[in-house]
Amino acid sequence: MKTPSYLSARVPDDEVQRLAALRELGVLDTATDSRFDDITLLASQICGTPIALVSLVDESRQWFKSRVGLDATETPRDIAFCAHAILESQTFIVPDALEDRRFAGNPLVTGGPKVRFYAGSQLRTSAGHNIGTLCVIDMKPRSLTPEQISAMEALARQVVLNFERQKFATDLHRREGFLKNILGMLPDLVCYIDKDLVYRYVNPAYERWLGIKPEDFIGKKMTDILGKDAIADAMPYILRVLKGERQDFQVHVPYLINGRSIEKFVQVVYVPDIDVQNQVLGYFAVLTDITELKRAEDRALQQAQELAVALQHSKESERSFRSIFDQAPMGIIQLDMNLRIVAANESFCTFLGYSQAELKRMTILDMTHPEDEQRSREAIGRITERSEPLTRFEKRYIRKSGEVVWALVTSRSVKLQDDSEPYVFSVIEDVTQIRAAEQELKAAQAKLVTSAKMASLGEMAGGIAHEINNPLAIIKGKSELLAKRLGQGTLDPAKAGADIAAIGATVDRMSKIVQGLRSFSRSCDQDPLERGALGKVIADAIDLCGERFKNADVSLSINCPTDTLIEARTTQITQILMNLLNNAFDAVQGLPNKWVSVDAKASDASIRISVTDSGPGIDPKLVDRIMEPFFTTKEVGKGTGLGLSISKGIAESHGGTLTYQASGANTGFVLELPLRQPQTQQDQAA
Ligand code: ADP
C-alpha cells in the first residue's frame, strides 16, 4: 500500500507585508485572553466540533492565541491547515482529510489529533492581509451549514477587530505617554479647556509659570483660578475660538495671579477642538513667553534707530566734510603713506595750476621745491610716526608754470579705520604774498631805521654844532694868535709849537666826531659781529652827545667797567645808547636838578647797562605803549616814536632785552646783552 503524502502550502504573494502586519499587532506569544477564548468556545459550539483555534500563521509556525480542545500551542507551518486557508478569501473547508491528497499524509491527520475535518475562516486585517484563521477541527469527516460558515466568518471578524482595537489602545497609550513627555518638557503653557471654560488638561509648565500644580487645574473653571480680570483681555478671543476660529495673538500680562505678580509678553494660540458633527467641544491653548524676544526686539529696534541716526550723522558729517573740502579757500590734500596724492581740492589745483587728474598721478615731492624736500619728508615722518600730532611748516612749491610759491602747511595723520594705514591730511595756505609783503616791510623797516637815525642826529644837531663850533673856535683863536704874533715878530717857537699841537689835537677831535657821525648814519644791518671794549661803545655814544649835555647843564655820569669785551654789531649798540640818552636828555629839560647816569655791570655771560635820569618818569597808563613804533608824546617835528621800538629790535637781534624799569623816583631803561653771540660760539665749537 502506497504511503499517503501531503502538500505544504505555498507562500502567499503578500507574505512580507502579511508578516509585518502580524508582528505589528504584537500578539504572538502573548498570554491567553478571555475575549478570544470566548470566541473559540462559541465557534466550537456553533459548529459542534471538539476543537476550535485562533491560529496565527507566523514565518515558520502557526501559533495559537486561543484554543479549545487542543493542548499544543503551535505546530510547524509546513503541516498547518491554516497555511492553506490563508491563501483563500473564503472559509476554507476540508470535509475529509483522508480523502484529500493535500492532507492525507499530513502528520496532523496520520498522527497527533487525527484531523479529518477542518474549516478555517481567514483573519483578514483592515489592510487586507490574512494573518491566520479562526478554525474548527473534528476527528471525523463532516461539513458546515451556510449559517455555521457565516457565523464562523463573523467571529473571525470579531477576532481581528479585537486585535486591532487592542493595538490601537496600546498605540494610543504609547502616544499619550509620548505627548505627555513632550508637553512636560515644553517651556510653553499648553492646556485644553472645554466649552464651559473648565480646564481638562494643563501641562507641567503651568506650575513653573503660576506656581499651581497641574492637577489643581483639572475640573476647575478658568475664572476660579485666574480671576475675572486676568481673562478679561482674552475673552474676545475665547468667544471666537469657541465659534471654531483659530486665534493667534499677543498679550502683555501684568497680572497678580495666586499672589504672584506676573509681567510677561505672551504669544497665544487657541485651536478649536471640533468633533465630527462640527460641534466645538473646547479648545487647545498654547502660551509662549516672548518677553525676552520682545526685549531683544526692542533693543534691536533701538539699536537700528541709533544706527540710523549715527548713519544720518555720518552722512551729514561726510557731506559737510565734502563741502568744506570742496569749497575751502585754502588747499586741502590727502596723501597716502607713499606721499601719493589721493585727493586734492579745487583750491589746491588752482594754487599749483595742475588738474585733479594730473595731481593723482604725482607725489607731493614732485611739486616741492628741491631745497624743501628734506624738510617736507621729515615733517610728515614726525606725524606718521606719531611723535607729533600735528605739524606746521613753511615750504616752497613749484607751480606747473615753474613759478615758485610759498605755503604754510599744516598736516595731521588720520586713520580712517582702526586697522587701516593712516593718511596724511594737509591744509595748504598760500603765503607767497605775505612773504613778498614781509620782504617789503623789511626793506621799509630798514629805511625807517635809517631815517630814525637821521632824526636822532637831527635832535643832536644842536649838540653837534657845539662839538664842531668849539674846536673850530679854538683853531680860529689859536691860528689868529699865531698870525698876530708872527706879524709882531713876537712868535715864541716853544709857545707856537704848543699852539700848533693844540690845533692838531683839535682837528683830530673834530675828525673823530665826523667819523662817528658817518659810521652812525650809514646802514649797519649787515655789519659783522665784532668784539669791542664796552667802554669804547659807550664813549662813542657820549662823544656824539656829550657836548649837548654840557651846554644844557645836564650832568652826565658814566660808571662802567673798562675791560669788559662785548661781541656785537657795535654801531647798533651805540645807536641804542644814543636813543636812550636823547630820551633822558628830553625828560630832564626844565628841571632844577638835571642828571643822567649810565651804569654798566658785567656778569660772566652778560652785561647790564642802565640809563637813568632825574626826569618825572612815564605815565603808568602809557608804559605798555612806549615800545610801540611811532608812539611818541613829544611835540610834532621833535619825536618820531621809533627810538625805543628800534632799540628793542636791535637788543633782541643780539639775543638781549630792553626794558623800562622805574627805579624809585627815577626813570630807568635797562639794556641787557649777552657778551658772546651764539652763532660765533657755534662756529668756534665747530
Ligand atoms: P620819541 O623819543 O621819538 O618819542 P621813543 O620811542 O624814543 O620815541 O620814545 C617814546 C616815548 O617814550 C617818548 O615819546 C616818551 O613819552 C617816552 N619816554 C622815553 N624815554 C623816556 C624817559 N627817559 N623819560 C620819560 N619818558 C620817556
Taking a ≥ b ≥ c as the square roots of the Cα gyration tensor eigenvalues, with a/c under 1.5 meaning rounded and otherwise prolate when a/b beats b/c or oblate if not, segment 151-253 comes out prolate
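Kindly state, to the nearest 0.05, the FRET efficiency for HIS313 paired with ARG412, given R0 = 30 Å and r defined as their beta-carbon distance. Working shown, then result.
Values: r = 22 Å, r/R0 = 0.72.
E(calc), rounded to 0.05, equals 0.90.
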Segments 125-132, 551-558, 170-177, 21-28 sorted - mean Cβ within 10 Å per residue, highest first:
125-132, 21-28, 551-558, 170-177
What is the angle, in °, between the Cα long axis of helix 570-588 and the longest principal axis of the Cα atoms in the chain? Nearest 10 is fine, range 0 to 90.
70
Packing rank of 613-620, 431-438, where each peptide gets the mean count of other beta carbons within 10 Å, highest leading:
613-620, 431-438
Report, in degrees rounded to the nearest 10, the 0 to 90 angle that the Cα long axis of helix 432-488 makes with the longest principal axis of the chain.
10
Of PHE351, PHE36, which has the most accessible area and how do the rest follow, probe 1.4 Å?
PHE351, PHE36
Accessible area per residue of segment 565-621 at 1.4 Å probe, in Å²?
40
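Provide the FRET efficiency to the nearest 0.05 for the PHE631-GLU378 pair, computing r from the beta carbons and using R0 = 30 Å. Please list the in-between numbers first.
Working: r = 42 Å, r/R0 = 1.39.
The computed FRET efficiency comes out at 0.10.
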How far is helix 373-384 tilted off the main Cα axis of the chain, in degrees rounded to 10, range 0 to 90?
40
If you stretched the chain out fully between ARG246 and GLU207, how much longer would it get, using 0.36 nm times the residue separation minus the C-alpha to C-alpha distance?
11.5 nm
Need one value: the accessible area of VAL276 in square angstrom, 1.4 angstrom probe, rounded to the nearest 10.
140
Any idea of HIS252's accessible area? Nearest 10 Å², probe 1.4 Å.
80
Normalised contact order of the chain, rounded percent, pairs of Cα under 8 Å and 6 or more residues apart:
5
Taking a probe of 1.4 angstrom, what is the accessible area of ILE474 in Å², to the nearest 10?
80
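Using a 1.4 angstrom probe on heavy atoms only, work out the carbon and sulfur share of the accessible area of the chain in %.
Answer for the chain: carbon and sulfur cover 54 percent of the accessible area.
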Would you list, by chain and number, the lysines whose Cα falls below 29 Å from the Cα of LYS195, excluding same-chain residues fewer than 8 positions away?
LYS180, LYS213, LYS220, LYS221, LYS228, LYS243, LYS264
Please list, ordered by chain and number, the residues whose modelled amide H lies under 5 Å from the amide H of VAL115; skip anything fewer than 5 residues away on the same chain.
VAL109
Amide proton proximity set for ILE558, modelled H, under 5 Å, gap of 5+:
VAL598
Obtain the nm distance between the two label points defined at ARG23 and GLN327 by a simple spin-label model: each point lies 7 Å from its Cα along the Cα-to-C-beta direction.
8.7
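Listed here are the pairs LYS536/LYS594; LYS495/LYS594; LYS484/LYS550; LYS294/LYS415; LYS594/LYS634; which of them are more than 28 Å apart at the Cα?
Numbers: LYS536/LYS594 25 Å; LYS495/LYS594 39 Å; LYS484/LYS550 32 Å; LYS294/LYS415 39 Å; LYS594/LYS634 19 Å.
As for pairs spanning more than 28 Å Cα to Cα, those are LYS495/LYS594; LYS484/LYS550; LYS294/LYS415.
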Tell me, what ³J(HN,Hα) does each residue in segment 226-235 have, in order and in whole Hz, if you take phi through Karplus 6.51 cos²θ - 1.76 cosθ + 1.60 with θ = phi - 60° and put x for Gly and Pro?
8, x, 5, 4, 4, 9, 4, 5, 7, 3
Beta carbons within 10 angstrom, averaged per residue: use that to sort the peptides 372-385, 572-585, 488-501, highest first.
572-585, 372-385, 488-501
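The values are calculated or read from the model by the stated rules, or taken from the named source; none is laboratory data. Small disclaimer: the values here were computed from a predicted structure and weren't measured. Note that each Cβ is placed from the backbone with ideal geometry, even for glycine, and that neighbours are counted across all protein chains shown. Keep in mind that these areas ignore ligands, DNA and RNA; they rest on the heavy atoms of the full protein, side chains included. Shrake-Rupley method; radii C 1.70, N 1.55, O 1.52, S 1.80 Å.
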